[in-house]
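A short write-up of the structure that comes next.
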Amino acid sequence: MPVDNSKFSQKVVTLGGGTGHFALLSGLVESNDPDGITAITGTWDSGGSSGRLRMELGVLPSGDIRQCLLALMEDGNQQQVAQKLFNDRLTGVEGPLKGHALGNLIESQLQRIYQGQDRGIDAARALFRVRAHIEPISLSDLELCAETKKGNVIEGETDIDLRGEKKNYDSSDGILRIYFDTTADPNPKALEAISQAEKIVFSAGDLYTSILPHLLVSGVANAIVDSKAKIIFVLNLMTKKGETDKYKASDFLKALLFYLGSPERLDYIIANENHISPEVIEVYKEEGKEPVTVDEEVCLKLAPKAKIIKTPLAKYFPGVHLLRHDSEKLAKSILSL
């Protein structure tokens, strides 16, 4: 039987950040017409190279944009070279450039040359021949904050992201809510993409620093609820110390639905069901992480119209000790719904 190499042709909008978003987009660009893909990124990253450039140059954060550009490159050889170039931290360089990801410098300078993050992204897409679209969810300079159950306030995405690594971390003091310190105005192009989408996908990723903040931007949750798109939530493979300690699938879902504001609008929950070896689980447990248990009955009470799709998705890369979603399997499970 001949192999069908044809691609899907769907209008897919993704919201996320970090490696979870990268894995999703890498699979989508292989399996769907790139012109139909819009990756929506955040503008609240405050750490590392992105945070420094944000402070020093007055640009919006570029780290997630760099990841999207890489993920959406269609030529494997180009992607390999670009990944080495973009992720190079100029470690052999002394002075103010040391430690910066070269991809962040390129994207930040394009923002300055073209006078805006959205125009800078379009210039980067043209430069690297990326047909898929990349839109920041907001063009505002945003500071993400979190309040914990014990009333502690954490300011800045990085401090929220890394709170689990602090010596005095209290796992019983979970995150209660997140918010921005100023009004977050939406990017009209992001809202337009959402309104035209056939599928809207919340990627796996850091729940409180990469996924949910999108829904804090004015009008975004309403635009998603009002759209005609199928709404899909990709569950994480593992919990994260400092953000989702001991979370089951229903805890992730409860947080998403709180900020989305419309439980009946969620159509699909995609969860991993393949076996993760005890050795891998043990290594992750030492880092304060554990597999996300899918408590289906509770999930379906929270989102009564949603269907839970359980499929083998986990892929372990032993050379770099990373457990990730299989990009190809994840994309095809979404596109074939």
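Things to note:
- Gain in span if fully extended, Q109 to E282, counting 0.36 nm per residue against the direct Cα distance: 58.0 nm
- At full extension, T183 and E143 could sit 13.4 nm farther apart than now, given 0.36 nm per residue minus the alpha carbon distance.
- Ranked by how many other Cβ atoms sit within 10 Å of their own Cβ, fewest first, the residues D251, D118 fall in the order D118, D251.
- Reported label for calculated mean projected area of the Cα convex hull in nm² given (i) 20.6; (ii) 19.5; (iii) 18.0: (iii)
- Eligible lysines near K285 by straight Cα distance, threshold 16 Å, same-chain separation 8 or greater: K240, K241, K246, K248
- Amide H contacts of G174 (H built 1.01 Å from N, under 5 Å, at least 5 apart or other chain): K149
- Per-pair calculated FRET efficiency, R0 = 22 Å: S262 and K310 via Cβ, rounded to 0.05: 0.40
- Exposure proxy ranking for L102, L191, based on other Cβ atoms within 10 angstrom of each Cβ and starting from the fewest, stands as L102, L191.
- Each residue, Y169 and L322, gets one label point 7 Å from its Cα in the Cβ direction; the gap between the two is 2.0 nm.
- Sequence-ordered 3J(HN,Hα) estimates for region 129-146 from the Karplus curve with 6.51, -1.76 and 1.60 and θ = phi - 60° stand at 6, 9, 7, 5, 9, 10, 10, x, 5, 8, 9, 8, 7, 10, 10, 7, 10, 9 Hz, glycine and proline given as x.
- For region 138-239, the tally of Lys pairs with Cα-Cα distances below 29 Å comes to 9, considering only residues 8 or more apart or on different chains.
- Candidate lysines for bridging to K84, where Cα separation is under 26 Å - those fewer than 8 sequence places away on the same chain excluded: K98, K315, K329
- Here the relative contact order of the chain, from alpha carbon pairs under 8 Å that lie six or more residues apart, stands at 19 percent.
- Taking amide H atoms as placed 1.01 Å from N in the peptide plane, the amide H of I269 lies under 5 Å from those of F233, K307, I308, I309, each 5 or more residues away in sequence or on another chain.
- Beta bridges per DSSP with both ends in the chain, % antiparallel, nearest 5: 35
- Calculated [θ] (222 nm, deg cm²/dmol) that DSSP helices of n ≥ 4 give over the chain, each run adding -39,500 (n - 2.57): -11000 deg cm²/dmol
- Charged side chains reduced to their Cβ positions (Lys and Arg at +1, Asp and Glu at -1) give the chain a dipole of some 340 debye around its Cα centre.
Laboratory data are not the source of any read-out in this text; all were calculated from the coordinates shown. Small disclaimer: the values here were computed from a predicted structure and weren't measured. Cβ sites come from the backbone with ideal geometry, for glycine too, and all protein chains shown count toward neighbours.
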